[in-house]
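> One structure is given below, represented as structure tokens, and several questions about it will come after.
Every read-out reported here was derived from the displayed coordinates using simple, explicitly stated rules and does not represent laboratory data. Because the structure is predicted, anything quoted here is derived from the model rather than measured. Here Cβ is always computed from backbone atoms with ideal geometry, including for glycine, and neighbour counts include all displayed protein chains.
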Amino acid sequence: MKKKILLIEDDENLRRGISFYLEQEGYEVFINNRVQGAVELIQERLPDLVILDVTLPDGNGFELCQKIRTFSAVPLFFLTAHDLESDILTGLSIGGDDYLTKPFSLAILRAKVALLFKKQENRSQKIESPPFVLNLDNHRLFKYDQEVLLSSTEFRLINYLMKNAGIVLEKELLLENLWDDQGKFVDENALSVNIRRIRLKIEEDPKHPQYIETVRGVGYIWKRGE
């Protein structure tokens, strides 16, 4: 599956050039040219990386970064003409993973994108959401240090839910991310069946779930552990 990149940049020519270049590198790129709508776009499309300008027509990229960090740890780096040391330090201190100043080389941009994705892959291979720990390297789930046995489809489902904790995930989005290893697609009925099976395994009261909640008419949300 292609890595998804959200590019937030108001210069149309630059936006087109970067999008074309990154798409040629095999990434899926979608764009926004302002602060407005950026948060909703991240929550809906769940990008793997955000590239963010600082000066936007309707706001400030630093402030947008801070807002993003209240609900998402998505890798993010600034691509901006703000090249003062104080600007760079600000960008990195508020949650930016990297900082690239304009004018810039497309080859450097490509290298930084690849490096961020590499760092992401090399991070701790587990997701913690008390009382749960999901080990990604061996596909094992633990609740209060007791293992919860999962099928491969259940693992993919709970992995995606936990990675996006606190975000309402539409059924269609979940279905898109539940292809099995042989390329077999999971239909909507199978999705609800697997949700029910997981609840039976992890919830104290599956009829009144506290971890995987249903958002009626939309999808599901994983409630963050306390």
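> Please report the relative contact order for the stretch 4-122, taking Cα pairs under 8 Å with a sequence separation of at least 6, and give it as a percent rounded to a whole number.
22 percent
> Mind sorting M1, M162 by how few other Cβ atoms lie within 10 Å of their own Cβ, fewest first?
So the residues, fewest neighbours to most, are M1, M162.
> Percent of Cα-Cα pairs more than 26 Å apart in the chain, please.
Of all Cα-Cα pairs in the chain, 43 percent lie more than 26 Å apart.
> Still on this structure, please answer the following. With 10 angstrom as the radius, rank S129, S151, S93 by how many other C-beta atoms surround their C-beta, starting from the fewest. Walk me through the numbers before you get to the answer.
Numbers: S129 19, S151 13, S93 9.
Least crowded to most crowded, the residues run S93, S151, S129.
> Between rounded, prolate and oblate, where does the stretch 126-222 land on the alpha carbon gyration tensor, with a ≥ b ≥ c its root eigenvalues, rounded for a/c under 1.5, else prolate if a/b exceeds b/c? Don't skip to the end; give the middle numbers.
Working: a/c = 1.56, a/b = 1.15, b/c = 1.35.
Oblate shape, in that a/c is at least 1.5 and b/c is the bigger or equal ratio.
> I need K207, K2, K67, K126 ordered by Cβ neighbour count within 10 Å, fewest first.
On the way: K207 6, K2 10, K67 16, K126 13.
Placing the least packed residue first, the sequence is K207, K2, K126, K67.
> Given all pairs of different Cα atoms, what value in angstroms does the Kirkwood hydrodynamic radius of the stretch 51-170 take?
Mean inverse Cα-Cα distance, inverted, gives 16.6 Å.
> Report the label-to-label distance for K67 and E176 in nanometres (one decimal), using points 7 Å from each Cα along the Cα→Cβ vector.
Between K67 and E176, the simple spin-label model gives 2.2 nm.
> Hey, another quick one. Check the straight Cα-Cα distances from K3 and name the lysines below 25 Å, setting aside those fewer than 8 residues away within the same chain.
By straight Cα distance, K3 reaches K67, K102, K112, K118, K119, K126, K163, K171, K184.
> Given 0.36 nm per residue, what is the gain on full extension from F20 to K126 after removing their alpha carbon distance, in nm?
Between F20 and K126, full extension yields 34.8 nm more.
> Is the shape of the stretch 4-122 rounded, prolate or oblate, going by the alpha carbon gyration tensor and its root eigenvalues a ≥ b ≥ c, with a/c under 1.5 for rounded and a/b larger than b/c for prolate? Walk me through the numbers on the way to the answer.
Working: a/c = 1.14, a/b = 1.09, b/c = 1.04.
Rounded shape, in that the Cα axes give a/c under 1.5.
> May I ask which residue of I198, I221, I5 lies farthest towards the positive end of the charge dipole of the chain, with charges of +1 (Lys, Arg) and -1 (Asp, Glu) on Cβ and the Cα centre as origin?
I198
> Given the -39500 (n - 2.57) contribution per DSSP H run of 4+ residues, what per-residue ellipticity at 222 nm results for the chain, rounded to the nearest 500 deg cm²/dmol?
On the way: 8 runs with 88 residues, N = 226.
Value at 222 nm, helices only, nearest 500: -12000 deg cm²/dmol.
> Among all helices in the chain defined by DSSP H, which have a length of 20 Å or more along the axis from Cα atoms plus a Kyte-Doolittle mean of at least -1.0?
For the chain, where a helix must reach 20 Å along its axis and average at least -1.0, the hits are 106-122, 188-202.
> Right, another one. Pop a pseudo-label 7 angstrom from the Cα along the beta-carbon direction at both N13 and E85 and give the gap in nm to one decimal.
3.3 nm
> Suppose we keep just the DSSP beta bridges with both residues in the chain; what percent of those would be antiparallel, to 5? Could the numbers behind the result be given before it?
On the way: 19 of 35 bridges.
Antiparallel: roughly 55 percent of the beta bridges in the chain.
> Also, quick follow-up: Dipole size in debye (nearest 20) for the chain around its Cα centre, Lys and Arg Cβ +1, Asp and Glu Cβ -1?
Its charge dipole is roughly 560 debye.
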